[in-house]
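Just so you know, all these numbers are worked out from the coordinates, no wet-lab data involved. Computed from a predicted model, the values in this text were never measured in an experiment. Here Cβ is always computed from backbone atoms with ideal geometry, including for glycine, and neighbour counts include all displayed protein chains.
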């Protein structure tokens, strides 16, 4: 489906063609009608293509990915993001995408058709910025999750979902951060083609801000994951310490029981009617002495 949007300003001499879910035949026709480079049109068909910017004769060609998840729990870029391809010059802007994007329609209604847009280049920077701002959406949810996990760790309430949840946040943020690095490189190439443009400067500043947010998310998730592992290690050490103390208390008692359990008629206290109580008393005293010694050493 091809939709044409035009600026409401009478003297405007440019147009925006938005192409949604095109078939191969439709793309070929668009390429023929607007004299688009076949290699660039081929890139539009690749769902996994990373962001880039290229100058191609009459047109500039750019690919931008935006956060629009099919599977919010996935760590795959293909399932977390979608691609928008742009062909543009001073007279025409062509956007090509497979999935409906609400922000494009919003730009058409509130930015282009009411005359606010100052030209094709202004529209392109606006599209790129709005696509970039979609990467802010998951950070709010991640921050809530990290706050919950942090509170759980501080309260020593550690549900089994913590390591899985932290790892998922870390993996998703890491994947999207790498994508943002590639996006920033494409913006650099775009900025070199349009030097000293304040809209492009604002676009680069927005990219840096979003990347800083992702850096904070990655740092927080890594720190909390390490904290969880440290607490788990401390808990394991505490359990092992208790088990070691219990073993140390019962080891001499087991030794005594083993000695007096041998079947020899000449064993001490065997024929003494109070022998059993003597041995029990000795075992109690020995246990009390060990407990006192462990407490003195701050082992328990």
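Pulled fully out, how much extra length does the chain show between residue 171 and residue 70, if you take 0.36 nm times their separation in residues and subtract their Cα-Cα distance?
Full-extension gain reported as 34.7 nm.
When only C-alpha pairs under 8 Å and at least 6 residues apart count, what is the relative contact order of the range 2-232, in percent?
21 percent
Among 168, 46, 101, which one shows the highest mean-square fluctuation when the chain is modelled as a Gaussian network with alpha-carbon springs under 10 Å?
Greatest mean-square fluctuation among the candidates belongs to 46.
Quick one: the Cα spread of the range 23-178 along its three principal axes, in angstroms, biggest first?
So the three principal-axis extents are 64, 33, 23 Å.
What full-extension length gain, to one decimal in nm, is calculated for residue 219 and residue 286 as 0.36 nm per residue of separation minus the Cα-Cα distance?
Result for the pair: 18.9 nm of gain on full extension.
Nearest 10 degrees, 0 to 90: what angle lies between the long axis of helix 161-193 and the longest principal axis of the chain (Cα atoms)?
30 degrees
Going by the alpha-carbon gyration tensor, a ≥ b ≥ c the square roots of its eigenvalues, is the chain rounded (a/c under 1.5) or, if a/c is not under 1.5, prolate (a/b greater than b/c) versus oblate?
prolate
Quick one: angle between helix 198-260 and the longest Cα principal axis of the chain, in degrees between 0 and 90, rounded to 10, please.
10 degrees
What length, rounded to one decimal in nm, is gained on full extension from residue 274 through to residue 254, with 0.36 nm per residue of separation minus their alpha-carbon distance?
Full extension from residue 274 to residue 254 adds 5.2 nm.
Under the rule of -39500 (n - 2.57) per DSSP H run of 4 or more residues, summed and divided by the residues of the chain, what mean residue ellipticity at 222 nm is obtained, to the nearest 500 deg cm²/dmol?
Taken over the chain, the calculation gives -20500 deg cm²/dmol.
Convex hull over the alpha-carbon atoms of the range 239-296: what's its volume per residue in Å³?
Hull volume over Cα atoms, normalised by residue count, gives 71 Å³.
Can you give the Rg/Rh ratio of the range 1-93, where Rg is from the C-alpha atoms and Rh is the Kirkwood radius?
Rounded to two decimals, Rg/Rh equals 1.01.
Assuming R0 = 51 Å, what is the FRET efficiency of residue 144 and residue 242, from their Cβ-Cβ distance, to the nearest 0.05?
For R0 = 51 Å, the calculated efficiency reads 0.90.
Considering just Cα atoms, how many Å³ per residue does the convex hull of the range 127-210 enclose?
With only Cα atoms used, the range 127-210 gives 83 Å³ per residue.
Considering only C-alpha atoms, what is the centroid distance from the range 44-84 to the range 175-231, in Å?
Each part's Cα centre sits 16 Å from the other's.
Counting other C-beta atoms within 10 Å, which of 283, 211 has the fewest, and how do the rest follow?
Exposure proxy ranking, most exposed first: 283, 211.
Using Cβ contacts closer than 10 Å as the measure, can you line up 212, 267 from fewest to most?
Ascending number of Cβ neighbours within 10 Å: 212, 267.
Can you give me the angle between helix 120-133 and the longest principal axis of the chain, using Cα atoms only, in degrees from 0 to 90, rounded to the nearest 10?
10 degrees
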